[in-house]
Amino acid sequence: MQNVSGPCRVMAFARGWSPERAAPGELARIRAHLRGLAAELVFESEHGTWLCRPDDELVAIAPLGRARFRVADDEDAVFVVDPAGAVRFAHCQHAPIRDTLAAALEQATDVMLAQAPLHFTRRAWLTTCVVSGFALAVLSACKQKVDPSDPPPLEAARPPLPQELDIVLDVNGTKHPLRVEPRVSLLDALRERLQLTGTKKGCDAGQCGACTVHVAGKRVLSCLTLAVSVQGKPITTIEGLARGEQLHPLQLAFIEHDGMQCGFCTSGQIMSGAAILSEGRATDDAAIREQMSGNICRCGAYPNILAAIKAARS
Amino acid sequence: MNPFSYTRPVDEAEALRALAEPGAVALAGGTTLVDLMRLEVMRPSRVVDLGGLPLDKIDVSSGSITIGALASNTAVADHPEIKARFPVLAEAIDAGASGQIRNMASIGGNLMMRTRCSYFRDTASPCNKRTPGSGCSAQDGYARMHAVVGGSKDCIAAHPSDMCVALLALDAIVHVKSARGERALPIGELHTLPGNQPNIETTLQAGELITGIELRDAPFAKRSRYVKARDRASFAFALASAAVALDIAGGTIRDARVALGGVGTKPWREHAVEAALHDKPASKATFAAAAKVALADADPRADNAFKIELARRVIARALVLAGGVS
C-alpha cells in the first residue's frame with residue numbers, strides 16, 4: 001500500500017512564463033483546474049519559480065533547477081509526481097508548452113469528472129485519475145506541436161520492487177495477520193487494511209496527534225510508526241477503549257463536557273487523555289495542558305477537553 | 001515513501017553487520033527517520049530496526065548513570081535518580097516535543113536528530129545538507145528559526161535537540177560500537193560544524209552504533225537547570241534555550257557549565273560565559289553580567305538577530321534558577 005496523502009504535484013519547466021506575462025484569467029483558470037485535480041503546480045522559467053496552489057496566492061519559491069531534472073535549456077518539460085513522490089509522468093519537448101498548460105489541466109479535469117468505477121476506493125480513483133488524466137491531456141494538447149526530433153519522454157524513476165512481509169498485529173485484543181510492505185505506517189495499516197478508521201490521519205508528520213494510539217500501554221503516533229516494527233505488541237485504538245457497551249470514563253466525560261466540535265481530533269485527544277490519566281500525569285490544569293500539547297484541535301475545543309479530562313480524573 | 005528493505009536484528013552483532021551494509025540506516029523511535037522518509041528527504045535503501053535489541057536499560061551506580069541508547073525520552077525524564085542527580089537532563093527532555101513523541105523517541109535517536117530547517121525538509125528547495133552542492137536556500141531566505149553561530153556560507157540550519165544541550169552541559173560520554181570495536185567520546189566531540197560539508201553532521205563512522213550515554217556525577221550536575229524560549233508554551237522547537245550547571249561553595253561559583261540550544265548549528269557550549277562566572281559570587285549581578293558575554297561571535301540574519309538578546313536573557317534566567325538566588 002502506498003501513502004497517498006497530500007496533493008499530486010505537477011512541475012512545469014516553461015520558458016518565457018511569468019505571472020506578469022500570464023494571459024488575462026489564465027491563473028484563475030489554472031487554479032480552478034488544480035482544485036479539481038487535488039493537485040498543485042510548480043512553474044519554472046528563466047524569470048523565476050512559482051508554486052501555484054488552488055486556494056493560495058501564487059508564491060515565488062527557490063528554483064528547482066532544470067539540471068536536476070535533466071531538462072535542457074532549449075526544452076520545456078512537464079512532470080507529474082504522485083503523492084508518494086514517484087514520478088508518474090514525464091514529458092519534454094523543444095516546442096514551448098506554456099500556451100497549452102491551462103488547456104491540458106482543463107482536459108484532465110474532464111477525465112476526473114467521469115464516473116468513477118464502483119470498485120475503486122475514492123482515494124485510489126483520485127490518484128489514478130490525476131496521473132493518467134493529466135498525462136493524456138498534456139500529450140493530446142501538445143500533439144500538434146511535437147517536434148519529430150524531440151527526445152523520448154524521460155524514464156520515470158523506478159524504485160526497486162518492494163519487499164513484503166507477513167506480520168501479525170495484535171489490535172484491541174484480536175490478532176490480525178497481514179502482508180505489508182515495510183514502509184506501511186501503523187496508521188495506514190489500521191485504517192486501510194483493518195478498516196479501523198476511528199484513528200485519524202491529520203498531518204501524517206507527527207505534528208497533530210490525531211493518529212494517537214496505545215502501543216504496549218504507551219501513547220504513540222501511529223503515523224510515525226512502521227507497522228512491521230510493532231508486531232507482537234498489544235495495540236489499542238479508540239475502537240478498543242470501551243469495555244463492550246461500557247464507554248471509557250473519558251469518552252463519557254467528552255460527551256458530558258462537549259469536548260469536541262468537528263470531532264476529527266477527538267479520538268486522538270481521548271487516546272492521549274486516557275493515557276495521561278492512567279499514568280497519573282493529569283495532576284493540575286497546567287500539567288494537563290502541557291501533556292496534551294501534542295494533540296491539536298483546530299476548532300479550539302481546548303477548554304472543554306480540559307474540563308472533560310478533569311472530570312474523568314475524579 | 002520510497003521502498004526499502006527492512007531487517008530487525010535480535011542481537012548487537014547482527015545489528016552491526018546490518019548497519020555496515022551500504023545505504024543502511026538505523027531505526028529506533030522513528031520520530032525523525034519515518035517523518036523524513038515520508039518527505040523523501042531521506043531515502044535509505046535499507047532500514048535496520050533496532051527495536052529488538054536489549055539496549056533500553058538505565059544502569060544506576062554510585063558515581064554514574066549509564067542510559068541505554070534505546071531508552072525512551074520519557075523513561076529518562078521520569079527516572080527519579082536522573083531527576084535528582086542530573087535535573088537539567090530531565091527538564092530539557094520534558095521541554096521537548098510532545099508526550100507521544102517522548103514515548104517513542106530514543107536517547108540515541110535524539111543524539112542523531114536532524115535539523116528542522118524548512119528548506120532541508122522541502123525537497124523542492126536547494127539544500128546542501130540534503131543534496132550536497134545544490135546550494136543553501138536559507139542564506140537569502142527566511143531565516144527566523146536558523147542558527148546565529150556555527151554557520152557557514154553553505155548551511156545555517158539550527159540543531160533542534162533540547163536533550164543534547166543538557167548533555168553538553170553535563171559533560172556526557174557517548175558510547176559507540178562497530179564491527180571494529182568500541183569507543184567512547186565526549187558529547188562535545190559528536191556533532192560537527194557544517195563548514196563546506198553540511199551533509200556530515202556527526203563524527204560517527206559508517207557502521208557505528210550508539211549503544212548508550214554515560215553521565216558522571218560532578219559537583220555542578222545536581223545544581224543544573226534548563227530554560228527554553230519558544231513560540232508557544234509547549235510542543236515547539238527552541239528559539240533559544242540554555243542548560244546551565246553550577247558548583248557553588250560558600251557563595252562562590254567554583255565551576256560552571258553553560259550550553260545553548262536553538263542558536264547554533266550544533267549544541268553550543270558557551271566557554272566565555274563559564275569563564276565570566278568562575279570564582280565570582282553567586283549573585284544576580286554576576287549572572288546578568290556573565291550572560292551578556294554570550295554569542296559574541298554571532299553572525300545573525302535580519303530575521304534571527306533577536307535570538308542573541310533572547311539567548312542572553314535565557315542564560316541569565318537559567319543561572320538565577322540554578323543559583324537559587326532571587
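The values are calculated or read from the model by the stated rules, or taken from the named source; none is laboratory data. What you see is a predicted model, and the numbers here were worked out from it, not measured in a lab. Cβ coordinates were reconstructed from backbone atoms using ideal geometry, including for glycine residues, and neighbour counts include every protein chain displayed. Each accessible area value is taken on the protein alone, full model and side chains, heavy atoms only, with ligands, DNA and RNA left out. Shrake-Rupley method; radii C 1.70, N 1.55, O 1.52, S 1.80 Å.
Tabulated results
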{"item": "Neighbouring partner chain Cβ atoms per residue of A:53-63, average, 10 Å criterion", "result": "2"}
{"item": "Cα pair distances of the stretch A:205-314 binned at 5 Å [whole percent]", "result": "2, 13, 24, 25, 20, 10, 4, 1"}
{"item": "Listing of the stretch A:279-294 residues, each with accessible area lower by at least 10 Å² in the full protein assembly than in the chain alone (probe 1.4 Å)", "result": "A:281, A:290, A:291, A:293, A:294"}
{"item": "Surface accessible to a 1.4 Å probe, residue B:32 within the full protein complex, Å²", "result": "40"}
{"item": "1.4 Å probe, heavy atoms, protein only - residues of the stretch B:113-132 losing at least 50 Å² accessible area vs chain alone", "result": "B:124"}
{"item": "Residue-averaged beta-carbon neighbours from other chains (10 angstrom radius) around B:37-48", "result": "3"}
{"item": "Most positive-pole-ward Cα, B:10, B:253, A:220, against dipole of the protein assembly as shown from beta carbon charges", "result": "B:253"}
{"item": "Computed label-point distance, nm, for sites residue A:53 and residue B:153 using a 7 Å Cα→Cβ extension", "result": "3.4"}
{"item": "For the protein assembly as shown, with +1 on Lys and Arg beta carbons and -1 on Asp and Glu, the positive-most of B:75, A:92, B:161 along the dipole", "result": "B:75"}
{"item": "Listed residues B:85, B:180, B:254 arranged by accessible area, highest first, probe 1.4 Å", "result": "B:180, B:254, B:85"}
{"item": "R0 of 30 Å, Cβ-Cβ distance residue B:288-residue B:217: FRET efficiency to nearest 0.05", "result": "0.55"}
{"item": "Accessible surface ranking that places the most exposed of A:258, B:35 first, with a 1.4 angstrom probe", "result": "A:258, B:35"}
{"item": "Integer Hz, Karplus 6.51/-1.76/1.60 couplings in order for the stretch A:290-307, x for Gly and Pro", "result": "5, 5, 8, 5, x, 10, 8, 10, 5, 6, x, 7, 3, x, 6, 5, 4, 4"}
{"item": "Between 0 and 90°, nearest 10: helix B:306-323 axis offset from chain B longest Cα axis", "result": "70"}
{"item": "The stretch A:20-70 - accessible surface per residue (Å², probe 1.4 Å)", "result": "54"}
{"item": "Helix-derived mean residue ellipticity, 222 nm - over the protein assembly as shown, DSSP H n ≥ 4, -39500 (n - 2.57), to 500", "result": "-8000 deg cm²/dmol"}
{"item": "Whole-Å distance, taken between Cα centres, linking the stretch B:79-102 and the stretch A:227-264", "result": "27"}
{"item": "Length released on extending from residue A:175 to residue A:74, taking residue separation times 0.36 nm less the Cα-Cα span", "result": "30.5 nm"}
{"item": "FRET efficiency, residue B:142 to residue A:32 (Cβ-Cβ, R0 25 Å, nearest 0.05)", "result": "0.30"}
{"item": "For residue B:127, residues with placed amide H under 5 Å, excluding near neighbours", "result": "B:134, B:135"}
{"item": "Accessible surface of the protein assembly as shown [probe 1.4 Å, protein heavy atoms]: carbon and sulfur percent", "result": "53"}
{"item": "Heavy atoms of residue A:310 accessible to a 1.4 Å probe, total area in Å² rounded to 10", "result": "70"}
{"item": "Positions from the stretch A:179-215 whose accessible area shrinks by 40 Å² or more when the full protein complex is built, not the chain alone, probe 1.4 Å", "result": "A:183, A:207"}
{"item": "Pairwise label distance in nanometres, residue B:192 with residue B:179, each label 7 Å out on the Cα-Cβ vector", "result": "2.2"}
{"item": "Cα centre as origin, Lys/Arg/Asp/Glu Cβ charges: the protein assembly as shown dipole, Debye", "result": "880"}
{"item": "Rel. contact order, % - alpha carbon contacts under 8 angstrom, at least six apart, the stretch B:85-221", "result": "26"}
{"item": "Solvent-accessible surface ranking, highest first, for B:11, A:82 at 1.4 angstrom", "result": "B:11, A:82"}
{"item": "Probe 1.4 Å, accessible area per residue of the stretch B:224-323, Å²", "result": "40"}
{"item": "Chain pair B, A: total accessible area buried, heavy atoms, 1.4 Å probe, Å²", "result": "3000"}
{"item": "Most to least packed among A:186-199, A:282-295, B:256-269, A:163-176 [average Cβ atoms within 10 Å]", "result": "B:256-269, A:186-199, A:282-295, A:163-176"}
{"item": "Taking chain B and dividing mean pair separation by its residue count, relative contact order in percent (alpha carbons under 8 Å, at least six apart)", "result": "17"}
{"item": "Binned Cα-Cα distance frequencies in the stretch B:224-323 - 5 Å width, integer %", "result": "2, 15, 26, 25, 15, 9, 5, 1, 0"}
{"item": "J(HN,Hα) series, the stretch A:217-226, from Karplus relation 6.51 cos²θ - 1.76 cosθ + 1.60, nearest Hz, glycine and proline x", "result": "x, 9, 6, 9, 9, 6, 6, 9, 10, 6"}
{"item": "Estimated FRET transfer efficiency (residue B:302, residue A:246; beta-carbon r; R0 60 Å; 0.05)", "result": "0.55"}
{"item": "Dipole in debye (nearest 20) - the stretch B:224-323, about Cα centre, beta carbon charges: Lys, Arg +1; Asp, Glu -1", "result": "300"}
{"item": "Karplus (6.51, -1.76, 1.60) ³J(HN,Hα), θ = phi - 60°, over the stretch A:200-207, in Hz, Gly and Pro reported as x", "result": "9, 9, x, 8, 6, 9, x, 10"}
{"item": "Net dipole in debye of chain B [+1 Lys, Arg Cβ; -1 Asp, Glu Cβ; about Cα centre; nearest 20]", "result": "740"}
